[in-house]
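To start, the structure itself, in structure tokens.
The values are calculated or read from the model by the stated rules, or taken from the named source; none is laboratory data. Note that the coordinates shown come from a computational prediction; the quantities given were computed from them, not determined experimentally. Cβ sites come from the backbone with ideal geometry, for glycine too, and all protein chains shown count toward neighbours. What goes into the accessible areas is simple: the full protein's heavy atoms, side chains included, and nothing from ligands, DNA or RNA. Shrake-Rupley method; radii C 1.70, N 1.55, O 1.52, S 1.80 Å.
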Amino acid sequence: MSAPLVYLDAATAAPLHPVARQALLAALDDGWADPARLYTQARRARQLLDASREAAAATLGVRADELSFTPSGTTAAHSAVLGGLAGRRRAGGTLVHSAIEHSAVLHAAEWHVAAGGTATSVPVDRLGRVEPAAWSAAVAAPGVALAALIGASHEVGTVQPVAEAAAACAAAGVPLYVDAAQLVGRAPVPGGWSVLTASAHKWGGPPGVGLLVVRKGTRWESPWPADERESGRTPGVVNLPAVVAAAASLRAAAADAAAEAARLAPLVDRIRARVAAEVPDVEVVGDAVDRLPHLVTFSCLYVDGEALLHALDRRGFAVSSGSSCTSSTLRPSHVLEAMGVLSHGNVRVSLHRETTGADVERFLTELPGIVAELRAEAGVVGL
């Protein structure tokens, strides 16, 4: 009999929250009509949409009319970057961003540059934290239209100095966009930002729902063809049942966030300590203290990352990697590269509300042998 599967990749997608499942099933019956119409079923759908927006906004501490639902976190990120730049084109054409932004933000930056704009990348230290002095200098330069800073690294868990970055932006008169995908529903989001995005499947909502928040007074202009829905911020009809499930699960996840953080942080501490002590030639990356409570990343020298992920999968562990050293790319993760840390044999472990201490213990018990086997197969012995 094979061992039960242990899912340890919540940073990519958390398991569906029970509240999300319940709300989704209920909304399939009531939320199928077009909320923009006037007949009975449409009015019921409009009530569900309005209530979901109010609930999500209340959880984030923002006004309901500042929040729009998008088809994904990626769409929200693209809209945040390109819309923020479009709204401030008179101020300049430069986007400032950290070197470790999510690929969705970096791709939007590339699009902006291809269209004639400019982008400035601010470096991070070896722990993956943006350097405040470099950030302040970058946002104070002439012609900066928007600054983008991820709230916490999706690959190594290091929390960024958002409040300090926001103060530098305010002093320079530059709006700050925060990608809060790994914070919302898990940890408090610092203030001072002008635009924020999040993604429902990170907190246990269904995939296919993103949040875009544009604070009142922020110059923002939709980069997409005109559409009257969602305050004109994102085109198309929302997936209303999924939106209802996303809002309901966000409220539930946020209510439990402090308790979950207190439960998961010691498990991550255990992983950090045991991996460093029991696996030779390994580097645990990211800040050991100022970090997300549920995520840890480490790199194993003399091991192919893809082979390690497959080996762990065969033993029943679902993890991901911050390293994309595959035959198709031959490049390490841009985050690990920017940090200047080891990227070979990289494993990211991210826990969730269903993760148990027994799951973590089993992972820690089997990991050293799996790494040793792969090194032996590669002819690396005697470590």
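Descriptive notes on the structure:
- For residue 111, the accessible surface of its heavy atoms amounts to roughly 150 Å² (probe 1.4 Å, protein chains only, rounded to the nearest 10).
- Over the stretch 168-208, volume per residue of the alpha carbon convex hull, in Å³: 59 Å³
- Three principal axis lengths of the stretch 1-144 [C-alpha, angstrom, descending]: 56, 53, 29
- The chain: most fluctuating residue of 358, 14, 108 per GNM, C-alpha cutoff 10 Å: 358
- Per residue, the solvent-accessible area of the stretch 47-124 (1.4 Å probe, heavy atoms of protein chains only, all protein chains present) comes to 39 Å².
- Whole-angstrom Cα spans of the chain along principal axes, big to small: 70, 53, 37
- Heavy-atom accessible area ranking, 1.4 Å probe, most first, across 375, 129, 44, 37: 37, 44, 129, 375
- Gap separating the Cα centres of the stretch 210-270 and the stretch 107-123, nearest whole Å: 25 Å
- Helix 240-278 vs. the chain, principal-axis angle (Cα, 0 to 90°, nearest 10): 20 degrees
- Whole-percent carbon and sulfur share, accessible surface of the stretch 1-123, 1.4 Å: 57 percent
- Seen against the Cα atoms of the chain and their longest principal axis, helix 357-377 is set at about 60 degrees.
- In the chain, the calculated helix contribution to ellipticity at 222 nm averages -13500 deg cm²/dmol per residue, counting -39,500 (n - 2.57) for every DSSP H run with n ≥ 4.
- When the Gaussian network model of the chain links Cα atoms closer than 10 Å, the mean-square fluctuations of 248, 318, 307 top out at 307.
- Carbon/sulfur fraction of accessible area - the stretch 126-185, other protein chains in place, 1.4 Å, %: 66 percent
- In the chain, the longest principal axis of the Cα atoms and the axis of helix 18-30 are about 40 degrees apart.
- Dipole-positive endmost among 261, 351, 184 within the chain (Cβ charges, Cα centre): 184
- Each of 230, 131, 110 has its accessible area taken with a 1.4 Å probe; listed largest first, they run 110, 131, 230.
- Dipole magnitude (debye, nearest 20) for the stretch 50-120, charges at Cβ of Lys, Arg, Asp, Glu: 280 debye
- Phi-based couplings in Hz for the stretch 207-222 (Karplus 6.51, -1.76, 1.60; Gly and Pro marked x): x, x, 9, x, 10, 10, 10, 10, 5, 4, x, 7, 6, 9, 9, 4
- Set the Cα radius of gyration of the stretch 146-305 against 2.2 N^0.38 Å, with N its number of residues, and you get 1.22.
- Exposure of residue 75 as accessible area (Å², to 10), given a probe of 1.4 Å and all protein chains: 40 Å²
- The antiparallel fraction among DSSP beta bridges confined to the chain stands at about 55%.
- The value obtained for the stretch 226-383, namely the Cα convex hull volume divided by the number of residues, is 176 Å³ per residue.
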